[in-house]
1. What part of the accessible area of the range 83-164, given as a whole %, is carbon or sulfur when the probe is 1.4 angstrom?
2. If I model a spin label at Ser36 and Glu105 as a point 7 Å from the Cα along the Cα→Cβ vector, what separation in nanometres do I get?
3. Can you list the GluC sites (Glu not before Pro) in the range 132-183 that are in a DSSP coil and have 16 or fewer other beta carbons within 10 angstrom?
4. Sequence-distant or interchain residues sharing an amide H contact under 5 Å with Val142, placed H: which?
5. Give me Rg/Rg_expected for the range 165-231, where Rg uses Cα atoms only and Rg_expected = 2.2 N^0.38 Å with N residues.
6. Where a ≥ b ≥ c are the square roots of the eigenvalues of the C-alpha gyration tensor, would you call the range 151-305 rounded, which needs a/c under 1.5, or, failing that, prolate if a/b is larger than b/c, or oblate?
7. With the other protein chains left in place, how much accessible area per residue, in square angstrom, belongs to the range 123-242 at a 1.4 angstrom probe?
8. Between Arg227 and Arg250, what is 0.36 nm times their sequence separation minus the Cα-Cα distance? Round to one decimal in nm.
Amino acid sequence: MTDLNVAHEYFTWRLVQQVAEKEGYFEDEGVEPDLSYFAPGTQDFDDGDNAYESDWWNDLDEEGETHGVCEWNAVQEASETDREIIGSYSEWDRVLFAPANSEIEDIDDLRGRSIGINEYATSFYSLPEMLEKEGFDDDEIVLEHIGSAEERFEAVKDGEIDAIGVLEPYVTLGRYDEELQEVYVGPCRAALTTDEDIDPETAEKFRNALNRAVEDINDNLDEYRDRYIEFLEEAAEENPDSFDDVDFDRLRDDFDLRQFLPVRAPDEKRIGKTTEWMREQGFVDEDAEVKTTDDVVEAAPQTED
């Protein structure tokens, strides 16, 4: 058996890892991962105020040597260390919410308005990229750091910020929050990185175990729907003041668990495009290499998920 310590920041994959562990898929593939989840946006950095200024992955090494993080963070991490990207996948939606009684109705209404984000993980990089693609000029993008998603929910409802950006479980909680309205939805690209000596065959076995769980869930969405709702309720119970406007009765009646996409080998075209954008923004050095299990990625065009 090959041991792997894996820390990931994507809430949805807690269900995938639970199924993979329960069904013995990791054992079947000959890998033995120690899987843990961490909430993005809540870390305190000793050496910087945000993801770019801090060697944030050193903090994660207390949790695990293999990281499931946003693709932007994975590129930065791989460009500055000996880490390699061993997998590509896609997380569920990234959503911007505004107050339900606000005049903000769509993405264009956010030009020059404040958007609360976390400066760790995806938002620090991905929201500027997404807004640029929507035609925003630099001076129209106003991002403010508000640590946790719970704090962002409270800040936007209290009028301290015009809108907020969140991932799961807060996307679903926000969609059933009577005080919020969804004004923009975009994709979230993610990747697995490691500094362990993992050969391509071992990486494939790890991905295979996850994907067997993905297939189980996708074939039985109604069965796993209730378990996912339990995850959502548990997340809300940890901070009841932030989510007291969530209509859980309606959520239980209306929520549909969506299909999961499989984890695949590193998508070099997609990673290349992300690398190209980060180089243009100065987040990645021009001569830095971004390594995958099989190759070194050059900046290259991509197709979106």
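The values are calculated or read from the model by the stated rules, or taken from the named source; none is laboratory data. Here the structure is a predicted model, which is why all the values come from computation and not from measurement. Cβ atoms come from the backbone with ideal geometry, glycine included; neighbour counts cover every protein chain shown. Quick note on the areas: whole protein, heavy atoms, side chains included, nothing else; ligands and nucleic acids left out. Shrake-Rupley method; radii C 1.70, N 1.55, O 1.52, S 1.80 Å.
1. Of all accessible area on the range 83-164, carbon and sulfur atoms account for 35 percent.
2. 4.8 nm
3. Glu134, Glu160, Glu178, Glu179
4. Result for Val142 returns Gly112, Arg113, Ile115.
5. Against the compact-globule rule of thumb, the ratio is 1.53.
6. oblate
7. It amounts to 43 Å² per residue over the range 123-242.
8. Length gained between Arg227 and Arg250: 6.6 nm.
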